[in-house]
Amino acid sequence: MRKINVIPLPNKITYLGGETETAAPETSVCESLGEEEYILTVDKDGTKLAGGSEKALFYGMQTLRQLGKSCPCIRIEDKPAFPYRGFMLDTVRHIFSIEDTKKLIDAAASVKMNVMHWHLTDDQGFRFFSSRRTDATKKGSVREKSNFGKLKESGSYGGYFTPEEMKEIVDYCAERYITVIPEFDIPGHTSAMLHAYPHLSCTGGPIDIKTCQGIFDDILCAGKDETFETVFDILSDIIEIFPSEYIHIGGDEAPKKRWKNCPDCQKRIADEGLKNEEELQGWFTNKVVEFLESNGRKSVVWNESLRSGLVKNSLVQMWMDRKKDSVAYANKGGKIIVSDFFHYYCDYPYGMTPLAKTYNFDPILKGIKNSNSVVGVEAPIWTEYINNFDRLCFMCFPRFTAVAETGWTEKQNKNVGDFCRRFEKYSDILSEIGITPSPASEWNPSPLKRLKIISFLLGLLDRE
Ligand SMILES: [Zn+2]
């Protein structure tokens with residue numbers, strides 16, 4: 001009997017015997033089903049689709065589309081394993097056009113992803129156009145050159161997204177039941193913003209927009225009230241453009257060197273009765289979280305924000321958490337998204353992160369007591385080494401699709417070999433969208449090839 005080729009694999013499939021043609025379905029919204037749950041029946045009597053909401057019907061339609069013109073007679077009862085299924089696009093290190101971003105959104109929608117996390121600000125550029133603080137964008141969006149390891153580009157590089165362009169992406173996503181979560185990364189990764197506003201640093205600057213990757217000492221000064229006035233203005237602009245319940249406020253990789261030597265930051269530590277600079281970051285985050293909450297929004301933060309022990313009400317994105325703070329946070333009732341660096345970061349070569357490693361990773365991290373505290377998964381693509389869309393697609397596909405399947409399909413129904421078989425057929429949909437995935441020969445390199453790639457990467461690190 002022919003098996004169906006659907007990604008993500010539906011959770012309950014009943015083969016009814018025989019083959020039939022698919023047709024435009026009779027649809028109905030059914031209140032007894034969950035918001036993302038649908039039942040699709042294709043048999044000799046026709047094609048019927050019931051869903052718990054319009055969104056669920058959309059998901060049923062994605063399944064139907066992948067079934068093709070004819071398929072085995074079938075009844076599919078399906079709902080996702082996790083409520084949060086996302087991808088992250090870094091448009092700071094390299095910019096990807098609205099048109100190409102829409103292709104990624106189409107691909108994400110076709111595999112029932114429901115979040116696009118848009119990384120808009122960082123050391124190498126400020127790509128969000130802020131109407132209240134126009135200098136952040138005007139002065140912070142163009143770097144002199146690019147020097148990302150082996151990817152060097154002479155000449156200035158820059159650009160930003162206008163409010164109209166960002167709204168266009170928000171609307172495009174909404175039509176596909178995808179929420180855009182914008183990221184304004186603070187207090188670290190703010191060189192571009194500090195280039196525009198050097199007085200918001202601890203030293204007063206001047207501060208350059210960075211032309212290479214790395215972690216940089218200059219971060220927003222937590223001791224100066226004007227820092228918060230500026231941050232809140234920019235967040236107010238973000239809130240006006242993005243209707244998402246959650247706003248990502250970064251919090252990763254914030255070195256404390258400047259704060260240790262800054263009289264304003266030290267005064268803040270004393271005034272607020274904080275123990276040290278880690279607690280100052282916790283205090284900083286909470287102040288921003290309170291601002292968001294007063295505007296009816298919630299926050300997402302990278303896992304480093306937990307180091308102070310002060311952050312309470314944020315959704316935490318775990319990426320590399322050596323001290324297991326995210327697990328402890330989840331076990332105290334917090335919610336986390338899993339984007340484990342070693343498994344889900346799509347910017348690393350397949351030699352380091354083979355497809356099977358990505359696919360087989362269990363987001364219910366070791367030590368998690370209640371699996372409901374993991375709300376979902378997200379596959380990030382950082383773009384220091386990626387300056388064109390073809391390369392981006394090579395790195396992200398099939399990985400995005402593998403993470404989407406982990407987000408939707410229950411663990412006991414997953415199988416990497418079967419996924420690879422189904423991906424071959426699914427790649428027709430990517431090709432309709434205008435995306436070329438990496439060829440199957442790249443996905444799971446032999447141990448010898450992996451060793452060569454890893455040695456090569458370590459060699460590169462040694463030289464820097
Ligand atoms: Zn300071």
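Just so it is clear, none of the values below were taken in a lab; they were calculated from the coordinates. All values reported here derive from a predicted model rather than from experimental measurement. Because the Cβ atoms are built from the backbone with ideal geometry, glycine has one as well, and the counts that use them run over all protein chains shown.
Numbers below:
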| item | result |
| --- | --- |
| Violating pairs (Cα-Cα greater than 21 angstrom) within the set LYS55/LYS112; LYS102/LYS335; LYS3/LYS55; LYS324/LYS366 | LYS102/LYS335; LYS3/LYS55 |
| The chain, dipole about Cα centre (Lys/Arg Cβ +1, Asp/Glu Cβ -1), debye to the nearest 20 | 1460 |
| Selection from LEU49, PRO72, MET61 lying farthest towards where the dipole of the stretch 12-78 points positive, charges on Cβ | PRO72 |
| Residue (of ASN360, ASN387, VAL300) at the positive-pole extreme of the chain, dipole from beta-carbon charges | ASN360 |
| By average C-beta atoms within 10 angstrom, highest first, the peptides 399-408, 359-368, 190-199, 49-58 | 399-408, 190-199, 49-58, 359-368 |
| Overall dimensions of the stretch 371-439 as given by Cα atoms, namely Rg and Dmax in Å | 13.6, 38 |
| Radius of gyration and Dmax over the Cα atoms of the stretch 12-78, both given in Å | 10.9, 31 |
| Table column - 3J(HN,Hα) (Hz), the stretch 45-58, Karplus curve with 6.51, -1.76, 1.60, x for Gly and Pro | 7, x, 10, 10, 10, 10, x, x, 6, 4, 4, 5, 5, 4 |
| Counted charge near GLY17, where neighbours are those whose Cβ lies closer than 13 Å (Asp, Glu -1; Lys, Arg +1) | +1 |
| Hydrodynamic radius of the stretch 329-464 per Kirkwood, over alpha carbon pairs, in Å | 16.2 |
| Rg(Cα)/(2.2 N^0.38 Å) for the stretch 53-134, N = residue count | 1.49 |
| Ordering of 62-74, 337-349 by burial proxy (mean other Cβ atoms within 10 Å per residue, highest first) | 337-349, 62-74 |
| GluC sites (Glu not before Pro) within the stretch 253-349, DSSP loop, no more than 12 other Cβ atoms inside 10 Å | GLU272 |
| Angle in degrees between helix 447-463 and the longest Cα principal axis of the chain, rounded to the nearest 10 | 20 |
